[in-house]
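Here's the structure we're looking at; comments come further down.
The values are calculated or read from the model by the stated rules, or taken from the named source; none is laboratory data. Nothing here was measured: the structure is a model prediction, and the numbers come from that model. No Cβ is skipped: glycine too gets one built from the backbone with ideal geometry, and neighbour counts run over all protein chains shown. With ligands, DNA and RNA removed, areas are computed over all heavy atoms of the protein, side chains included. Shrake-Rupley method; radii C 1.70, N 1.55, O 1.52, S 1.80 Å.
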Amino acid sequence: MKATLVIRNICEMATPLGSSSRRGSDMGKVHVTADAAIAVNVETIVWAGPQSEMPRIEGPAPEIIDAGGRAVIPGFVDSHTHFVFAGFRDEEFFWRAGGLPYMEIHKRGGGIANTVRSTRSSSLEDLVAVGAPRLERMLELGVTTVEGKSGYGLDSVTELRQLEAMKILDARQPVDIIGTFLGPHSIPPEFEGKPGAYIDFVIRDVLPAVRRHGFASFCDVFCEQGVFGLDDSRRFLEAAASSGFDLKMHADEIVRLGGAGLAAALGATSADHLLKASGEDLDAMAAAGVVATCLPVTAFILREDYADARGMIDRGLAVALATDLNPGSCYSHSIPLAAALGILYMRMSMEEVLTATTLNGAAALGLAAGRGSLEAGKLADILILDAPSYRHIAYNVGMNVVGTVIKRGKVVSVRN
Ligand code: NIG
Ligand code: FE
């Protein structure tokens, strides 16, 4: 066996296994190995298991990292964020704290529209400059792959600019970025009261340009009362699918419209939020293999009831946990907080949370074949925790328990 890097003296290696999403009771079947080692060749894991069984390394001596009796897990995959945006909306946080609902702020022309104004007046360089430090902070928290959405332009130029900023950032720093075109995130002022006409415009003028530039893998829509209804959402997603995009949805977050059922009918890769999704629609998602992405930090900040992750897992769904980092409903990229909320308020087990933030996050991006677990053939995206057990991920509420981050076989972040 050839290796460029060996991580040894791991007191506990914890990982889900497999090359696709783990569903239902399989989500809890995390593989835990005591006294483990991992061998990496260039950017790929070539061996992971009990240290005493590691095959001999042939050829040049590898770099050795001594984990010093700490726990090791796969890199986190944050499969739902809106991390490229300009400006802040701190005032809305306090309005909501005072009782004003999120959708009421939206109706009064604040909310997403507010961020659209500042993002439209930002250059490509500005957007790269706001995205870069956010990615650095996420990497320190152990995020090795992140999804990022457009949706703060709502015009052709700014939507493309947001996605281009992500392409530039992807090439410049270690975190892998998966772009999602979220043109139908809100109705821009130019189309006020005319969601259908805006969808026509997006399908005709923006979608083909996003395709041509190769800026995004996914298309997404904010399917919600007062934003885009089921018919407009379907029309956009069908056009996106026939242009070759994979699909995501913001579904059944505030009001039960049946977005989860639409995601199932269209074979979306994931449906996200799902606070109000019906049992029938969740069953349809399970049957169609749609990943259910729960965003508990958003529910926490909006003071909404949490999505029923326990019920989803018991129905046989694959649940992913993500942060939803955005300037409005969730100004937080805290995977550790999401993990703790998963345990405390969504009745997930620690093992299910680990699967939901790694392998199932990768599955929500169509990437589970190549990352999201610690096994031969997967990308070497590996976290050494400042803790003896993976259980500390949730136990350290909101604090960072990640010490060393290895991305594609290279040490990219060390916290002392
Ligand atoms: O996922 N719900 C719609 N989109 C975002 C919020 C965007 C914003 O408020 O800026 C979300 O919560
Ligand atoms: Fe979102």
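Here's the yes/no breakdown for (1) buried (at least 24 other Cβ atoms within 10 Å of the Cβ); (2) not assigned by TED's automatic domain parsing to the domain that holds Asp176:
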{"site": "Thr355", "(1), (2)": "yes, no"}
{"site": "Leu359", "(1), (2)": "yes, no"}
{"site": "Ala376", "(1), (2)": "no, yes"}
{"site": "Ser389", "(1), (2)": "no, yes"}
{"site": "Ile393", "(1), (2)": "yes, yes"}
{"site": "Gly398", "(1), (2)": "no, yes"}
{"site": "Val405", "(1), (2)": "yes, yes"}
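Within segment 40-80, being polar (S, T, N, Q) and over 30 Å from the mean Cα position of the chain (by Cα) holds for Gln51, Ser52.
I'd like to verify a number: residues in segment 281-306 that are within 16 Å of ligand 2 (Cβ to nearest atom) and open to solvent by 10 Å² or more (accessible area, probe 1.4 Å), how many? The qualifying residues number 5. Per the conditions (1) assigned to a helix (DSSP H, G or I); (2) more than 14 Å from ligand 1 (Cβ to nearest atom), the sole criterion not satisfied by Gly99 is (1). The residues in segment 323-337 that are under 16 Å from Thr145 (Cα atoms) and either within 9 Å of ligand 2 (Cβ to nearest atom) or outside any loop (DSSP other than H, G, I, E, B) (or both) can be counted, and the count is 4.
Quick check on segment 66-78. Is at least one of its residues within 30 Å of Val130 (Cβ to Cβ) and assigned to a loop (DSSP other than H, G, I, E, B)? Don't jump to the end; show me each part of the working.
As a first pass, look at segment 66-78 and keep what is within 30 Å of Val130 (Cβ to Cβ): 73-78.
Restricting the remaining residues to those that are assigned to a loop (DSSP other than H, G, I, E, B) gives 75.
There is at least one residue in segment 66-78 that is within 30 Å of Val130 (Cβ to Cβ) and assigned to a loop (DSSP other than H, G, I, E, B).
Taking segment 361-373 as the range and being of a type in the set (A, V, I, L, M) and either open to solvent by 10 Å² or more (accessible area, probe 1.4 Å) or touching an Asp or Glu at 6+ places or on another chain (Cβ under 9 Å) (or both) as the test, the residues that pass are Ala363, Ala364, Leu365, Leu367, Ala369.
Condition (residue is within 16 Å of ligand 2 (Cβ to nearest atom) and not polar (S, T, N, Q)) applied to segment 312-320: is it met by at least one residue? Checked segment 312-320: at least one residue is within 16 Å of ligand 2 (Cβ to nearest atom) and not polar (S, T, N, Q).
Looking only at segment 264-304, which residues are assigned to a loop (DSSP other than H, G, I, E, B) and within 15 Å of ligand 1 (Cβ to nearest atom)?
Keep residues of segment 264-304 that are assigned to a loop (DSSP other than H, G, I, E, B), which gives 267-269, 274-278, 289-290, 295, 303-304.
Correct list: Leu274, Leu275, Lys276, Ala277, Leu295, Arg303, Glu304.
To keep it simple, each residue is scored yes or no on (1) of a type outside the set (A, V, I, L, M); (2) in contact with a Ser or Thr (Cβ under 9 Å, 6 or more places away or on another chain); (3) more than 18 Å from Ala36 (Cβ to Cβ).
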site: Leu354; (1), (2), (3): no, yes, no
site: Leu359; (1), (2), (3): no, yes, no
site: Ala362; (1), (2), (3): no, yes, yes
site: Ala368; (1), (2), (3): no, yes, yes
site: Leu374; (1), (2), (3): no, yes, no
site: Ser389; (1), (2), (3): yes, no, no
site: Val397; (1), (2), (3): no, no, yes
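For segment 322-336, a tally of residues being open to solvent by less than 10 Å² (accessible area, probe 1.4 Å), within 14 Å of ligand 1 (Cβ to nearest atom) and farther than 16 Å from His106 by Cβ returns 3.
Of all the criteria given as (1) surrounded by 18 or more Cβ atoms within 10 Å (Cβ to Cβ); (2) more than 16 Å from ligand 1 (Cβ to nearest atom), the one not satisfied by Ser123 is (1). Summed over segment 20-73, residues that are on the phi > 0 side of the Ramachandran plot, surrounded by fewer than 14 Cβ atoms within 10 Å (Cβ to Cβ) and either touching a Gly at 6+ places or on another chain (Cβ under 7 Å) or among the β-branched types (Val, Ile, Thr) (or both) total 1.
Screening segment 247-261 for residues that are part of a helix (DSSP H, G or I) and open to solvent by less than 10 Å² (accessible area, probe 1.4 Å) and picking the one that is farthest from Pro336 (Cα to Cα) gives Gly259. Close contacts from segment 109-138, counting a first residue that is charged (D, E, K, R) and a second that is within 16 Å of ligand 2 (Cβ to nearest atom), with Cβ to Cβ under 6 Å and a gap of 6+ residues or different chains, come to Arg134/Phe83. Mind listing whichever residues of segment 171-192 are closer than 16 Å to Asp155 by Cα and assigned to a loop (DSSP other than H, G, I, E, B)? Once the filter is applied, which keeps residues that are closer than 16 Å to Asp155 by Cα and assigned to a loop (DSSP other than H, G, I, E, B), segment 171-192 yields Leu182, Gly183, Pro184, His185, Ser186, Ile187, Pro188, Glu192. When segment 238-256 is filtered for residues that are more than 16 Å from ligand 2 (Cβ to nearest atom) and touching a helix residue (DSSP H, G or I) at 6+ places or on another chain (Cβ under 6 Å), the ones remaining, listed by number, are Ala239, Ser243.
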